[in-house]
Amino acid sequence: MKKICFLFVLLLAFSGCSRETMDMTPEKAAEVVLTEYGENTGFVRADEDFLTTNFGSRDYVRESAVYFSENGDGNEFGFFRLSDEQYSDEMIAAVEEYINSERQSVQSLASLYPADELSDRLQRFDSATVGHMGDLVYYFITEPTIAKNAVRRFRG
């Protein structure tokens, strides 16, 4: 329930006119998510090497904030603020490529070492949420119900 509440608060932060959305930075969006997850969640902010390795170096990305959990449960989210909304499709494709690559890695591991934990992670990849609001591209890799709720609420 707490996770659903955090998505509601995040969506409230994103709601309103497009001008307000333009003021939502990746850092502010991530802060809302982290606050709702709580202090003991173990999320770590990805460094520039992680971003460049996994999403490429893109001149049109003005700011980014990507967080993943340290405990190995596969929960992850990220926000990318673009210099222009016209690059949204390109950035979404880069995020989807990253998610597919990560899914393939976990799938390979799961075929060698079947475990419930790996099956749970695969379900998170299968229900990953990727989208954009104005110049802000976002993604969530989390439990299937949370991802569905996020998409429903983001799209209104």
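Restricting the range 102-156 to residues that are in a loop (DSSP other than H, G, I, E, B) and of a type in the set (A, V, I, L, M), the residue that is modelled with the highest pLDDT is 128.
Which count do you get for residues in the range 41-93 that are modelled with pLDDT under 90 and over 12 Å from residue 139 (Cα atoms)? Counting residues in the range 41-93 that are modelled with pLDDT under 90 and over 12 Å from residue 139 (Cα atoms) gives 9. Please specify each residue of the range 68-99 satisfying the condition of being outside any loop (DSSP other than H, G, I, E, B), among the charged types (D, E, K, R) and open to solvent by 60 Å² or more (accessible area, probe 1.4 Å). Result: 85, 89, 90, 96, 97.
The values are calculated or read from the model by the stated rules, or taken from the named source; none is laboratory data. Note that the structure is predicted; figures quoted are calculated from it, not measured. When the accessible area is computed, the model is the full protein with side chains, heavy atoms only, and any ligands, DNA or RNA have been set aside. Shrake-Rupley method; radii C 1.70, N 1.55, O 1.52, S 1.80 Å.
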